[in-house]
Amino acid sequence: MIKPSFPVLALLGSALLAACSNPEDTGRFLIDPPTAGVQVANRLGTAELKDVSLPEYAGDQEVAYQSPDGAVRSNPDNLWADSPSRAFTTTLARAIGEVSGATVIGEPWPLAQPPARRLEVRVERALAQADNSYRLSGRYFVSDDGLTGGGTNHARSFDIRVPMTAQGPGETAVALSQAISILAQQIATLSGPGATIATTQPATDEFGLPPLF
């Protein structure tokens, strides 16, 4: 009797695994902020939104959650439908525009006329917590200078909590979408704890150059 070689056994094992796995068992969840239902003044005009910075666990393709022991866990069967950073950036830009009428576009800026402002969001926490709430916290920065180096800048923080009725990837996607909608309203109104910083440009001579001393 001839015994199958190791490569043949490996191929048979792979075939069995493929037969046992069902693509329909993998869920892919969208980030889709609801319409805010409110309208605020347009304080941003045109703004380029840099790619949103996310913690490593939130930027992963698997939907993360916090278990009762405090650990951050995920399941390969529950995935985000798009890259989390890209989805967060594009939906946040759209949500800011919907609530304020501002033209906010993720980088790179595609229009010939440069934007009046730059917007950067650094997320420090984006997690479905063990206490059945979704927490989205971090800081955002608005450079209100027309990309020329002068004007007013904003450095502000946000700490948003959305109650969840249950733990699960679907509930996480809904809660994150609601949190992004709230964040969009905060950024559109330039609100939240933080500071407003005026940029001062150095003095120049009659040729527009800084003095030598």
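The values are calculated or read from the model by the stated rules, or taken from the named source; none is laboratory data. Bear in mind that the values here come from a model prediction, so they are computed numbers and not experimental data. Ideal geometry is used to build each Cβ from the backbone, glycine not excepted, and the neighbour counts take in all protein chains shown. Side chains included, ligands, DNA and RNA excluded: accessible areas come from the protein's heavy atoms. Shrake-Rupley method; radii C 1.70, N 1.55, O 1.52, S 1.80 Å.
Counting only protein heavy atoms and a probe of 1.4 Å, the accessible surface of the range 47-199 is 49% carbon and sulfur. Residue 171 contributes an accessible area of around 70 Å² to the protein surface, as traced by a 1.4 Å probe with all chains present. Determine the sum of side-chain charges near residue 61: Lys and Arg each +1, Asp and Glu each -1, restricted to other residues whose C-beta is under 10 angstrom from that of residue 61. My count for the surroundings of residue 61 gives -2. For the range 47-199, the solvent-accessible area with a 1.4 angstrom probe is 44 square angstrom per residue. Given their separation in residues at 0.36 nm each and the Cα-Cα distance between them, residue 35 and residue 81 gain 14.5 nm when the chain is fully extended. Couplings 3J(HN,Hα) for the range 74-89, derived from phi with the Karplus relation 6.51 cos²θ - 1.76 cosθ + 1.60 (θ = phi - 60°), are 7, 9, x, 7, 10, 10, 6, 6, 9, 4, x, 5, 5, 5, 4, 5 Hz, where x marks Gly and Pro. Close amide H pairs (under 5 Å, H built 1.01 Å from N) link residue 32 with 177, residues at least 5 positions away or on another chain.
What number do you get for the range 47-199 when its Cα radius of gyration is normalised by 2.2 N^0.38 Å, N = residues?
1.08
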